[in-house]
Amino acid sequence: MHRLAQWWDSVELWLTGLPYVLQVSLVVVVLAMIAMLVVRVLCALIDRVADVLDARLARSGRGDVTGQRAGEGNDESV
């Protein structure tokens, strides 16, 4: 743990020694990469949950998730 703390201190010293514009640019790039990673993980998680829910609905015999039976719905002929 001490080694990690020393490494982080050296990174902080290096970063604070950079000009302000480079500091901001580097932080923006790193945060953008982290944000993209979080979005990918959340999308994968949401897709899995949606697939599980879809499979449960298909097994329960419900044809439509809106609560209408097949053949019911908006009758546009009226």
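The values are calculated or read from the model by the stated rules, or taken from the named source; none is laboratory data. Please read all numbers here as calculations on a predicted model, not as lab measurements. A quick note on method: Cβ atoms are made from the backbone with ideal geometry, for glycine too, and the neighbour counts reach across all protein chains shown.
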Segment 1-30 residues that are of a type in the set (Ser, Thr, Tyr), paired with ones that are surrounded by 10 or more Cβ atoms within 10 Å (Cβ to Cβ) (beta carbon under 7 Å, 6 or more apart): none
Any chance Asp47 is farther than 30 Å from Leu15 by Cβ, charged (D, E, K, R) and at pLDDT 95 or above: yes
Selection from segment 9-42 of residues that are over 27 Å from the mean Cα position of the chain (by Cα) and in a helix (DSSP H, G or I): Asp9, Ser10, Val11, Glu12, Leu13, Trp14, Leu15, Thr16, Gly17, Tyr20, Val21, Leu22
